[in-house]
Each structure stands twice: as structure tokens, then as C-alpha cells.
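Novice: Below you will find the structure I want to go over with you.
Throughout, read-outs are computed from the coordinates displayed, never taken from laboratory work. In this text the structure is predicted, and so the values were computed from the model without any measurement. Using ideal geometry, Cβ is built from the backbone for each residue, glycine included, and neighbour counts are taken over all protein chains shown.
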């Protein structure tokens, strides 16, 4: 019983430290995002879902698309199935969490708004 109480106290003590170790990209790739921007004069809203197997999916103008993703430092690198196989690596700001909105520089959308899902 005493050992169980000690384990509970230790777990409660380190839980906040473990939660603080999560990065913006951890939240992005586990919670998903909504990216808003414009391309060729059209406003686009892209709901992004990232899977643990390194693939992602989105919906663009009523059609489902996707590709692969990986993290490289502070950058999210993606290869779109529709993008000709070119990899795009975009820097994401540190310290963001679910519900936060921030801007990124996207190669196709220019300055785009990203909201991390709650």
C-alpha cells in the first residue's frame, strides 16, 4: 500500500513536467489542424489529419487528398500525393498548443493561418 501511494505521488509530481515537453509539432500531428489561406485567388480551408504511420489526409474542394509527413527539428515536412512528389518543409513556431492559431509561410498558400484542433 505504501509503495502504491509513493508511486501515485511520483506520477502526480512528474505529470506536469511530461506535459510541458510536448512541442507545437507534437500537438499538430496528434490533434490535427485547420489551415486557412488562398491560392490562385481562392480562399481555402484545409482540415488536416496526421496519422502515426507518417501519412496525412485532408479535404480540398470536396475531394480527399493526402500524402506523407515527417518532423525535422522545428519543421513539418510533407509530400503531397497531388504535389508531384516534391517535399515541402515548413517551420512551425514553438510553444503552441491545442486551440492556438498562428501563421506559417506555405509554399502554395503564402502566409496561411493554422489552428491546432482541441
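Novice: Between residue 34 and residue 77, what length in nm is gained on full extension when 0.36 nm per residue of separation is reduced by their alpha carbon distance? Before the final figure, lay out each step's value.
Specialist: Values: separation 43, 0.36 × 43 = 15.48 nm, distance 1.65 nm.
Difference between extended and current length: 13.8 nm.
Novice: How do 57, 80 line up, fewest other C-beta atoms within 10 Å first?
Specialist: Details: 57 15, 80 18.
Least to most surrounded, the residues fall as 57, 80.
Novice: Quick check on the exposure proxy: order 60, 114, 28 from fewest to most C-beta atoms within 10 angstrom.
Specialist: On the way: 60 14, 114 24, 28 21.
Sorted ascending by nearby Cβ count, the order is 60, 28, 114.
Novice: Give the calculated FRET efficiency between residue 22 and residue 43 to the nearest 0.05, with a Förster radius of 30 Å applied to their Cβ-Cβ distance. Each step should come with its number before you reach the end.
Specialist: Numbers: r = 31 Å, r/R0 = 1.03.
For residue 22 and residue 43, the calculated efficiency is 0.45.
Novice: Same structure again: Distance in nm between label sites at residue 70 and residue 57, each 7 Å beyond Cα in the beta-carbon direction?
Specialist: It is 2.3 nm.
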